[in-house]
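Structure record follows, encoded as structure tokens.
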Amino acid sequence: MMREEVLYTALISHLNTHPGHTLYGLFDGVKYPTLWSDLEESVLAYDMLFHEERLRADLQSVAPYFVALDFEDKIAKEQSLALLECYGKNGSLFLSSRFDIDKTLEQMRELFYIYTHSGEKGYMRFYEPKIFRRYIAQKNDTIRYALFNHVTCYWCEDTQDPSIVHQYLKKGAFTYEERSISLKPKEPKADV
């Protein structure tokens, strides 16, 4: 089995841990050039983070996409597994929510759009692992509530070592537990 397949298999075993929740992925079209065309042909529910029609048309091939992953249905499972190619390129974030795609996407858009003091709109690529890890580490209840309002857990890759995934599990309205999980297969113990 190739190194990537081993990582993907281990990653899936950690992502599918919340019964009754939907597993979502946020994928960066810039870092995954075939994302838009792959999603157009898929059975998976998805939408881009941009909601302005002008931006949707202009940026569809490089936009960030929010996708409901499915590992139950055979075809959807194959397509969900194909999206894991984005893992390891610092362009994906996974999350678990008990809410439907529309409600959870609305929350992700609230994190994506930022406003200056003068009211100008900008975008924050919070789904990039380096940015996400800094963002979630802030000791700010407003940010933590915004992150965990409809989300039970986030997973993001380590920016230095993709064989490590960081898990952020909601514990309360403003608290979470962080764990670093190695996706490397355990080495067999040597006989002594």
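Residues that are in a loop (DSSP other than H, G, I, E, B) and in contact (Cβ under 8 Å) with a residue 60 or more places away in the chain were ranked within region 126-166; the one that is nearest to the chain's Cα centre (by Cα) is Tyr127. Selection of region 85-96 for residues being within 12 Å of Val67 (Cα to Cα) and among the polar types (S, T, N, Q) yields Ser92, Ser96.
Pick from region 26-46 the residues that are touching a strand residue (DSSP E or B) at 6+ places or on another chain (Cβ under 6 Å) and either more than 20 Å from Ser97 (Cβ to Cβ) or not hydroxyl-bearing (Ser, Thr, Tyr) (or both): which of them is surrounded by the fewest Cβ atoms within 10 Å (Cβ to Cβ)?
Ranking the candidates gives Ala45 first.
Of the set (1) at pLDDT 90 or above; (2) buried (at least 17 other Cβ atoms within 10 Å of the Cβ), all apply to Ile131 but (2).
Can you tell me which residue within region 137-157, out of those that are of a type in the set (Val, Ile, Thr) and out of contact with any Phe, Trp or Tyr (no Cβ under 8 Å at 6 or more places or on another chain), is modelled with the lowest pLDDT? Only one residue fits best here, namely Thr142. Of all residues in region 77-106, those being surrounded by fewer than 19 Cβ atoms within 10 Å (Cβ to Cβ) and more than 19 Å from Leu35 (Cβ to Cβ) number 6.
Screening Ala173 with (1) touching a residue at least 24 places away in the same chain (Cβ under 8 Å); (2) within 20 Å of Val67 (Cα to Cα); (3) not charged (D, E, K, R) gives one miss only, at (2).
Hey, does region 113-122 have a residue that's of a type outside the set (S, T, N, Q) and either touching a residue at least 60 places away in the same chain (Cβ under 8 Å) or buried (at least 17 other Cβ atoms within 10 Å of the Cβ) (or both)? Checking region 113-122: not a single residue is of a type outside the set (S, T, N, Q) and either touching a residue at least 60 places away in the same chain (Cβ under 8 Å) or buried (at least 17 other Cβ atoms within 10 Å of the Cβ) (or both).
The values are calculated or read from the model by the stated rules, or taken from the named source; none is laboratory data. Keep in mind the model is a prediction, meaning the values are calculated, not measured. In this analysis, Cβ positions are derived from the backbone assuming ideal geometry, glycine residues included, and neighbour counts consider all displayed protein chains.
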